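Please read the structure below before turning to the comments.
The values are calculated or read from the model by the stated rules, or taken from the named source; none is laboratory data. It should be emphasised that the depicted structure is a prediction, and the values quoted were computed from it without experimental measurement. Virtual Cβ from ideal backbone geometry, glycine too; neighbours counted across all protein chains shown.
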Amino acid sequence: MIKGKYKYYVQIVFKGTPPAKRNKDGSFKKCLGTGDVGLDIGTSTIAISSNTDVKIIELADKVQSIENERLKLQRKLDRSRRATNPNNYNADGTIKKQGSKKIEWKRSKKYIKTVKKLKELYRKQASVRRYQHECLVNYIISLGDKVYVEKMNFSALQRRAKKTEIKKNGKPKRKKRFGKSIANRAPAMLLSIIDRKLQYFNKNLVKINTQKARASQFNHKEDSYKKKKLSQRWNNFNGVKVQRDMYSAFFDYEYKSRP
């Protein structure tokens with residue numbers, strides 16, 4: 001569905017490696033680099049360390065503006081449901097429980113139009129996210145052909161916490177984790193695209209065992225490991241501050257040379 005209308009396409013898929021794009025003068029538009037590239041990927045950012053460039057990039061930064069618009073439409077739909085179905089809600093605003101009986105919902109014409117707009121935003125959001133990931137991957141593999149990253153269990157980060165923990169002020173901690181951020185930024189998709197594009201050149205994304213590497217805990221000055229809180233974003237080495245994610249990406253970059 002595109003802009004409220006269904007459109008049908010026929011897609012032809014060919015076996016093999018897609019041909020590389022070339023400029024008018026015959027040179028390749030995108031080239032595979034040589035050397036090592038270390039990545040430290042999070043729920044919304046990625047740190048990159050290579051022989052030629054070091055930086056932190058926000059994943060799919062153009063998605064957030066679409067996300068804000070999507071939230072407005074969802075609130076509009078909620079107001080419409082409540083206005084057209086007042087008997088389906090309790091006095092405190094919660095939905096009535098009907099047991100095995102299915103609740104009937106009335107939907108106005110404006111509600112249906114808004115739903116179509118919401119579907120269009122979801123489609124646009126997915127398209128923008130995919131495009132930005134593809135562009136970022138082209139940049140990453142241009143830095144080197146050996147890409148290293150620590151294994152991440154993103155599905156575990158999406159799940160709500162089961163245990164109820166209490167803060168120092170006596171209030172319970174929020175059980176929400178990184179579900180919305182991971183859904184919007186899709187870091188796992190980025191890694192899969194890197195691996196796919198490297199396979200065109202008979203290479204693979206190298207996933208490092210997190211428990212073995214412990215890049216964020218390593219201290220190269222003392223040659224030791226020390227656990228840090230998630231809120232501690234900077235490493236201080238005798239007055240020299242290094243951003244935590246960049247430090248992890250650097251040690252993924254130097255992973256082969258480490259003992």
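Every test in (1) surrounded by 16 or more Cβ atoms within 10 Å (Cβ to Cβ); (2) in the same structural domain as residue 191 (by TED's automatic domain parsing); (3) within 30 Å of residue 253 (Cβ to Cβ) is passed by residue 55 save one, and that test is (1). Kindly indicate which of 3, 102, 29 is loosely packed, with under 12 Cβ neighbours inside 10 Å, among the charged types (D, E, K, R) and either in contact with a strand residue (DSSP E or B) (Cβ under 9 Å, 6 or more places away or on another chain) or closer than 25 Å to residue 246 by Cα (or both). Result: 29 is the single residue among 3, 102, 29 that is loosely packed, with under 12 Cβ neighbours inside 10 Å, among the charged types (D, E, K, R) and either in contact with a strand residue (DSSP E or B) (Cβ under 9 Å, 6 or more places away or on another chain) or closer than 25 Å to residue 246 by Cα (or both).
Could you grab the pairs with beta carbons closer than 6 Å, sequence gap of 6+ or different chains, first residue in the stretch 1-26 and at pLDDT below 90, second one in a loop (DSSP other than H, G, I, E, B) and surrounded by 10 or more Cβ atoms within 10 Å (Cβ to Cβ)? Listed by first residue and then by second, the contacts come to 17/200. The lone criterion from (1) more than 14 Å from the chain's Cα centre (by Cα); (2) assigned by TED's automatic domain parsing to the domain that holds residue 1; (3) not basic (Lys, Arg) left unmet by residue 165 is number (2).
Among the residues of the stretch 27-36, just one is in contact (Cβ under 8 Å) with a residue 12 or more places away in the chain and assigned to a strand (DSSP E or B), namely 36.
Residues of the stretch 44-93 that are in contact (Cβ under 8 Å) with a residue 12 or more places away in the chain, acidic (Asp, Glu) and assigned to a helix (DSSP H, G or I): 67, 69. Can you confirm whether residue 110 is over 27 Å from residue 49 (Cα atoms), touching a residue at least 12 places away in the same chain (Cβ under 8 Å) and exposed (fewer than 13 other Cβ atoms within 10 Å of the Cβ)? Here the answer is yes, as residue 110 does meet what is asked.
Please verify whether the stretch 225-246 includes one or more residues that are modelled with pLDDT under 70, at negative phi and either in contact with a Phe, Trp or Tyr (Cβ under 6 Å, 6 or more places away or on another chain) or not assigned by TED's automatic domain parsing to the domain that holds residue 62 (or both). So far as the stretch 225-246 goes, no, none of its residues is modelled with pLDDT under 70, at negative phi and either in contact with a Phe, Trp or Tyr (Cβ under 6 Å, 6 or more places away or on another chain) or not assigned by TED's automatic domain parsing to the domain that holds residue 62 (or both).
Out of everything in the stretch 10-26 that is among the basic types (Lys, Arg) and in a loop (DSSP other than H, G, I, E, B), what residue ends up being nearest to residue 218 (Cα to Cα)? This residue is 21.
When you scan the stretch 71-94, do you find a residue that is closer than 14 Å to residue 140 by Cβ and either hydrophobic (A, V, I, L, M, F, W, C) or surrounded by 11 or more Cβ atoms within 10 Å (Cβ to Cβ) (or both), even just one? No, the stretch 71-94 has no match at all. Among the criteria (1) surrounded by 15 or more Cβ atoms within 10 Å (Cβ to Cβ); (2) charged (D, E, K, R); (3) modelled with pLDDT under 85, the one residue 150 does not fulfil is (3).
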